[in-house]
Amino acid sequence: MMALPAGAQAGDWQVVATSDDRRALLTYAAGEAVSYSFACTPTEVIVTQTGVTKLLDLRTGAPIGDDAKAIMPEGAALMALFSGKGEPQFLPAEAAKNPVTGWDLTIRLPLADKQIKAAAKSQMLSLFTTGYTMAVPMDAAARAKWSEFLQKCNIAK
């Protein structure tokens, strides 16, 4: 697994108004090749990373293609939300081909997930995968956006 630091600026994190069954949407680097989104519903937070490349199938050690013809092996898509403490807890992820390159991976976490709450106090946040993973530094402004998101989702810190 490869983790690269990304220069997070407060402007990279945005809380977006929604008009569907989602209470709030928090995005990082929206519109970029690799981005994060966190959408809270009444029961869960839907976490997506777009444009994930260089994935490995941990069972076989084989690389997973990034091109339009690539196929995701059953059970190979894994992702974890990590806010800097403890060990990342990988979960099976839903995988969809990204229209440009790589994969869009999605996991669903309960509203009470401790990593979601911890992000508002964290110095770093990452969506770990078996491929490209970026570590996003969290400054005071970024943590404030997370706190706003948690408030809109009715998640106590």
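The values are calculated or read from the model by the stated rules, or taken from the named source; none is laboratory data. Fair warning: this is a prediction, and the values are worked out from it, not measured in the lab. Heads up, the Cβs are rebuilt from the backbone with ideal geometry, glycines too, and the neighbour counts pull from every protein chain shown. Only protein heavy atoms, including side chains, enter the accessible area calculation; ligands, DNA and RNA are left aside. Shrake-Rupley method; radii C 1.70, N 1.55, O 1.52, S 1.80 Å.
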Checklist entry - Could you give the Stokes-Einstein D for region 13-153 in µm² per second, using the C-alpha Kirkwood radius, 25 °C, 0.890 mPa s? => result 160 µm²/s
Next on the checklist: Assuming a strict under-23 Å limit between Cα atoms, what lysine pair count do you get for the chain once near-sequence pairs (fewer than 8 apart, same chain) are dropped?
Outcome noted: 18
Checklist entry - Which value, in nm² and rounded to one decimal, describes the direction-averaged projected area of the C-alpha convex hull of region 50-118? => result 5.2 nm²
Checklist outcome for this item: dims of region 92-142, Cα set, principal axes, largest to smallest, nearest Å -> 33, 23, 18
Checklist outcome for this item: About its Cα centre, region 13-153 carries a charge dipole, from +1 on Lys and Arg Cβ atoms and -1 on Asp and Glu Cβ atoms, whose size in debye to the nearest 20 is 400 debye
Item to check | Probe 1.4 Å, accessible area per residue of the chain, Å² | outcome: 50 Å²
Next on the checklist: Considering only protein heavy atoms and a probe of 1.4 Å, how much of the accessible area of the chain is carbon and sulfur, as a whole percent?
Outcome noted: 55 percent
Checklist outcome for this item: Sparse-neighbourhood loop hits (trypsin sites (Lys or Arg not before Pro), region 89-125; DSSP loop; Cβ within 10 Å at most 11 others) -> none
Checklist entry - Using Cα atoms only, what is the angle between the long axis of helix 140-152 and the major principal axis of the chain, expressed in degrees (0 to 90) to the nearest 10? => result 80 degrees
